[in-house]
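J.: Please find one structure pasted underneath; my questions will follow.
The values are calculated or read from the model by the stated rules, or taken from the named source; none is laboratory data. Being a predicted model, the structure only gives us computed values, none of them experimental. So basically every Cβ, Gly included, is an ideal-geometry build from the backbone, and we count neighbours across all protein chains shown.
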Amino acid sequence: MTRFLISEENPTGYRLEDILTVIRADILKRCSKIALDERPEAQQVVANNMNVLRNITEAIELARDSTHILDKAFGPTRAWDGGPPRIGEHPIRAQVPLVPLANFELCMP
């Protein structure tokens, strides 16, 4: 079961892009409190946070893109209503047994 993200087992969860957007806003608020602190330690933390914000923004864009792909291909999620996942565990694949490949890796036949 996912803890924060929406899933079949957690229909009240959140979309990844929504969680990341809230985290980004929290970091911005925290940064605003130390942005004018000229001590080297504070400035390094601000610089680090700017890099984190850039990476989170990129992750938000990727998550939104994934949501768009899924919405376009399969329609809007029904997970909030307890519906099945749009991708992942597929009924046909769930019935196919996994077989060893080279004694160290599992793959679908």
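J.: Among the residues of segment 1-28, which ones are more than 18 Å from Leu70 (Cβ to Cβ), charged (D, E, K, R) and modelled with pLDDT of 95 or more?
T.: Arg24, Asp26
J.: Next up: Starting from segment 1-30, take each residue that is under 13 Å from Val52 (Cα atoms) and list its partners that are outside any loop (DSSP other than H, G, I, E, B) and among the small types (Gly, Ala, Ser), counting only C-beta distances under 6 angstrom and pairs at least six apart or across chains.
T.: Hits for this filter: Leu20/Ala59.
J.: Residues in segment 1-19 that are aromatic (Phe, Trp, Tyr) and surrounded by 13 or more Cβ atoms within 10 Å (Cβ to Cβ): how many?
T.: Counting residues in segment 1-19 that are aromatic (Phe, Trp, Tyr) and surrounded by 13 or more Cβ atoms within 10 Å (Cβ to Cβ) gives 1.
J.: Yes or no: Glu89 modelled with pLDDT of 95 or more and either of a type in the set (Asp, Glu) or part of a loop (DSSP other than H, G, I, E, B) (or both)?
T.: no
J.: Another question about this same structure. If you scan segment 20-51, which residues turn out to be farther than 28 Å from Ala63 by Cβ and loosely packed, with under 10 Cβ neighbours inside 10 Å?
T.: Selection gives Leu36, Glu38, Arg39, Pro40, Glu41.
J.: Something else: If you check Val46 against the conditions, is it at pLDDT 90 or above and touching an Asp or Glu at 6+ places or on another chain (Cβ under 9 Å)?
T.: Against the criterion (at pLDDT 90 or above and touching an Asp or Glu at 6+ places or on another chain (Cβ under 9 Å)), Val46 qualifies.
J.: Would you confirm whether any residue within segment 42-63 is touching a strand residue (DSSP E or B) at 6+ places or on another chain (Cβ under 7 Å) and either free of Cβ contacts under 8 Å to residues at least 60 places away in the same chain or in a loop (DSSP other than H, G, I, E, B) (or both)?
T.: no
J.: To continue, here is another question. Sort out which residues of segment 70-89 are farther than 22 Å from Met1 by Cα and exposed (fewer than 12 other Cβ atoms within 10 Å of the Cβ), and write them in order of number.
T.: Listed by number, the residues that qualify are Lys72, Ala73, Gly75.
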